[in-house]
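Participant: Below is one structure. I have some questions about it.
Nothing in this text is a laboratory measurement; each read-out follows from the coordinates by a stated rule. Note that this is a predicted model, so its numbers are computed, not measured. Note that we place each Cβ from the backbone using ideal geometry, even for glycine, and neighbour counts take in every protein chain shown.
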Amino acid sequence: MTKPRQPMYGRIFGGDDEKAELAKLVWHEVIDDLRAADALSAANVARADRYARARVEYEEIQPSAMAEGAVKVSEATGGEYFNYNWSAAEKLGDRLLKLEKAMFGEGQAAKQEGKPKPKQTAADEFLGGPHNGVRQ
């Protein structure tokens with residue numbers, strides 16, 4: 001694949017330089033990781049762009065959502081209501097995870113050798129084997 005072109009994050013984020021710089025940083029990190037994993041493709045470059053944009057929004061929303069909690073209390077009535085920033089942070093986190101899985105695949109756990117054999121006991125001589133087929 002030819003060298004991927006970085007999107008114009010300065011225009012995308014409407015002149016918000018802090019968001020644009022974070023998006024550029026995230027995009028370059030993801031592209032470098034894709035190169036290292038030999039997974040650089042047109043589809044993954046597009047996913048890297050979506051990932052960078054979502055990550056910028058997540059980094060902005062997540063701290064306030066965690067500080068406020070899932071439920072807010074109305075100052076006027078004292079009633080409780082759902083914090084929409086909390087929901088947005090959760091949804092963005094899920095979207096980031098899906099994009100990571102799509103780009104890099106899902107990690108596999110190391111295979112285990114199998115279930116260890118039960119130890120022999122003195123009663124096995126009379127019962128006919130390790131625990132006589134009885135599940136412990």
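Participant: Can you work out D for the chain in µm² s⁻¹ from Stokes-Einstein, where Rh is the Kirkwood radius over C-alpha pairs, the temperature is 37 °C and the viscosity is 0.692 mPa s?
Facilitator: The estimated diffusion coefficient comes to 169 µm²/s.
Participant: Oh, and also: Step through the table entries Lys24/Lys72; Lys3/Lys101; Lys19/Lys101; Lys24/Lys111; Lys3/Lys111, compare each Cα-Cα distance with 31 Å, and write down the pairs that go over it.
Facilitator: Lys24/Lys72; Lys24/Lys111; Lys3/Lys111
Participant: Where in the chain are the DSSP H helices whose C-alpha atoms run 24 Å or more along the long axis and whose mean Kyte hydropathy is at least -0.5?
Facilitator: 17-36, 84-104
Participant: Kindly provide the helix-only [θ] at 222 nm of the chain, computed as the sum of -39,500 (n - 2.57) over DSSP H runs of four or more divided by all residues, to the nearest 500 deg cm²/dmol?
Facilitator: Computed ellipticity for the chain at 222 nm equals -18500 deg cm²/dmol.
Participant: Now for a different question. Which of Ala110, Ala70, Ala52 moves most in a GNM of the chain, Cα contacts under 10 Å?
Facilitator: Result: Ala110 has the largest fluctuation of those listed.
Participant: Which of Ala43, Ala122, Ala20 ends up with the largest GNM mean-square fluctuation for the chain, with Cα atoms connected below 10 Å?
Facilitator: Checking each option, the largest mean-square fluctuation is seen for Ala122.
Participant: Determine the distance separating the Cα centre of the range 83-104 from the Cα centre of the range 1-48; give it in Å without decimals.
Facilitator: Here the answer is 18 Å between Cα centres.
Participant: Taking the Cβ of each residue in Val45, Val30, Val71, Val56 as the centre, tally the other Cβ atoms inside 10 Å and list the residues starting with the fewest.
Facilitator: Val71, Val45, Val30, Val56
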